[in-house]
Every structure is written in C-alpha cells, then in structure tokens.
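Notes follow once the structure below has been shown.
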C-alpha cells in the first residue's frame, strides 16, 4: 500500500460546481480509483447539480444525483497537487508550486442532455489524458 503522499490529488473547479467539475471529478474517481484523490468545487456554487448533467452521466453508469455543489476554499487548493479550472477565471486562488490546467469547455448550464453529451465525452477524454500524465493506471 502506498503512502497517502504518493497519491496525487486533483481539484476540479468551475463557477457553479454543478456541471463540468462534477463530471470531471466523477470520471476521475471512477477511472482512477484509489490511485488518485479527487475534489471539486465552485467559486459561486449552485443549489444543485444540473439535471441534464445528472442524466448525461447516468448514461455512462455514474450517478451524480446525490452530489451537491461545494464552495471553493483555499484549503482545497492547497491540499491539491493539480488544479483544473473550467471557466472560473480570476475567482480561482493561485498558489505557487501547484500545477494548474485550464480546460476550455462549453458550459452545460441551461443546456439539454443532447448538448451536454459532447461536453461529457470531452471531459472523459481529458481525464484519461490527465491520469496518464499522473502515472495513474486507468481502471476498466
């Protein structure tokens, strides 16, 4: 068993923590298993996860219906090795020594499930690339 320090931690951040960051965190959890620590948060969290996002993820076998958007904290950023931002701009705190990635993705807010599917699929593709970069084996 590896020590907790050896497990990379990733924080996904978007404005509302109701769509993109929730999908990314769910894919990273499923594909990375206990080989990675996963967090997600929003600079201005919504009241609930976007229903179209919940439906699109259900199609992949991931249930987000019990997830709730969380507020972004400096502690969450400090505790993470990699911070992936998705449209939160200057609202994301910056700490030296962290690896920052900015994923430009369409915002699923106000979109139907048809529009969310390609966003979901692109997020899954990027999560798989990130896992490879982190040296974490993808679980089937």
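The values are calculated or read from the model by the stated rules, or taken from the named source; none is laboratory data. Everything numeric here is computed off the predicted structure, so don't read it as measured data. Glycine gets a Cβ as well: all are built from the backbone with ideal geometry, and neighbour counts include every protein chain shown.
Within region 28-38, does at least one residue satisfy the condition of being out of contact with any strand residue (DSSP E or B) (no Cβ under 9 Å at 6 or more places or on another chain), free of Cβ contacts under 8 Å to residues at least 60 places away in the same chain and closer than 16 Å to residue 80 by Cα?
Checking region 28-38: at least one residue is out of contact with any strand residue (DSSP E or B) (no Cβ under 9 Å at 6 or more places or on another chain), free of Cβ contacts under 8 Å to residues at least 60 places away in the same chain and closer than 16 Å to residue 80 by Cα.
Can you confirm whether region 79-86 contains a residue that is over 18 Å from residue 10 (Cβ atoms), out of contact with any helix residue (DSSP H, G or I) (no Cβ under 9 Å at 6 or more places or on another chain) and modelled with pLDDT of 90 or more?
no
Just to be sure, is residue 66 more than 18 Å from residue 129 (Cβ to Cβ) and modelled with pLDDT of 95 or more?
yes
I'd like to check which helices (runs of 4 or more DSSP H) are fully inside region 17-118 and have at least 3 residues that are surrounded by fewer than 19 Cβ atoms within 10 Å (Cβ to Cβ).
Where helices (runs of 4 or more DSSP H) fall fully within region 17-118 and carry at least 3 residues being surrounded by fewer than 19 Cβ atoms within 10 Å (Cβ to Cβ), they are 51-58, 74-78.
Does at least one position in region 19-26 carry a residue that is modelled with pLDDT of 95 or more and out of contact with any helix residue (DSSP H, G or I) (no Cβ under 7 Å at 6 or more places or on another chain)?
Within region 19-26, one or more residues are modelled with pLDDT of 95 or more and out of contact with any helix residue (DSSP H, G or I) (no Cβ under 7 Å at 6 or more places or on another chain).
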